[in-house]
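The values are calculated or read from the model by the stated rules, or taken from the named source; none is laboratory data. A quick note: this is a predicted structure, and the numbers were derived from the prediction, not measured. Note: ideal-geometry Cβ built from the backbone for every residue, glycine included; neighbour counts use all protein chains shown.
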Amino acid sequence: MKKKRLISLLLAAFITVMPLSFSFAAPTPEPTADNTTSTVTSPDGTTRTVTSDGNDVKSTPKATESTDTSSDTETTSATETPSDTSSDTSSTSDTTSQSDTDTTSQNANSLPDGVTMEDPSLTPPNVQYAQSALLMDMASGRVLYSKNLDERVYPASTTKIMTAILALEMGNMDDTVTATYDALKSITLEDSHMGILTGEELTLDQLVKGMLVYSANDAANVIAIHIAGSLDAFVDLMNQKAQELGMTGTHFVNPCGSHDDNHYTTARDLAILSKYAMKNDQFREIVKMPIYKIPATNKYASERILVNTNLFLGTSPTGNRY
């Protein structure tokens, strides 16, 4: 009886302890990819990886999986990079284009009243002292810059461009012209003149060259009377030519440009006239002369040297270029 009770107690004790021992010493391994390692959970809750013989090893499968995932992520990211770069480039291009448009618009809006520019993004010329101005491409007639383009202004000596064109188109350059009192009576010492005397004989060629090179008012008046018979008749010819050329904002009252409230033009009209004049070969040859020498006449024993008043030609009184 005692023996049976002892055996029963031993069996009960064995059955009671067996689960704990099994869990502690040899837990059921979790299957892995290569079945050479297993994860073991200790009674204190610690998880570790062991080999089939029970030795601890570092758990690498998870790290490998993480690395592979990272690699996949990097690959995906690298694959998507060109698309993202294109998008960024397009976005940058759009931003730059928009910025340029905004800058151009801003510059156009910031231009003073009366000023126009073909390309508002460029720096405008400094014409603060000019009442009006115009920069034109002579070949195409495009207006690149303008200031008060159609505002009425006084042409002064640029009037002589019209006088010269009429003389070149209507006169004979070899004609000998005698200066009259009517032509010279309005000329004063304050005027720009070449010293023509009443009764002096000069060719029309000499008069036109003296007028354009030296801006001689006396020569302009002598030319006018020779071509039309009187100053008034010549002025009529000037205004007719202006209308023919489309100079709608221009009105002349004399051939030399002396000030008169009714003697006016615009920057646009002067550009039209200048473009027309520069098509004339004789006109172009004369206006580029740095100096012009008039030989002795019936009133002067020696030659007169006239220096071009156009400072762009850069000449000294002796005719030498600066």
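Things to note:
- For region 222-281, taking the residues that are outside any helix (DSSP H, G or I) and aromatic (Phe, Trp, Tyr), the one that is farthest from the chain's Cα centre (by Cα) is identified as 252.
- Listed by first and then second residue, the pairs with beta-carbon distance under 6 Å, at least 6 apart or on different chains, first residue in region 127-152 and under 19 Å from residue 279 (Cβ atoms) and touching a residue at least 60 places away in the same chain (Cβ under 8 Å), second surrounded by 14 or more Cβ atoms within 10 Å (Cβ to Cβ) and among the hydroxyl-bearing types (Ser, Thr, Tyr), are 134/146.
- Residues that are in contact with a His (Cβ under 8 Å, 6 or more places away or on another chain) and either free of Cβ contacts under 8 Å to residues at least 12 places away in the same chain or crowded, with 19+ Cβ neighbours inside 10 Å (or both), drawn from region 168-184: 177
- Check on residue 296, at pLDDT 95 or above and over 23 Å from residue 148 (Cβ atoms): yes
- Qualifying position, being surrounded by fewer than 18 Cβ atoms within 10 Å (Cβ to Cβ) and not polar (S, T, N, Q), among 312, 252: 312
- Count of residues meeting criterion [at positive phi, modelled with pLDDT of 95 or more and of a type in the set (Gly, Ala, Ser)] in region 133-171: 1
- The set of residues from region 116-132 being modelled with pLDDT of 90 or more and crowded, with 17+ Cβ neighbours inside 10 Å comprises 117, 132.
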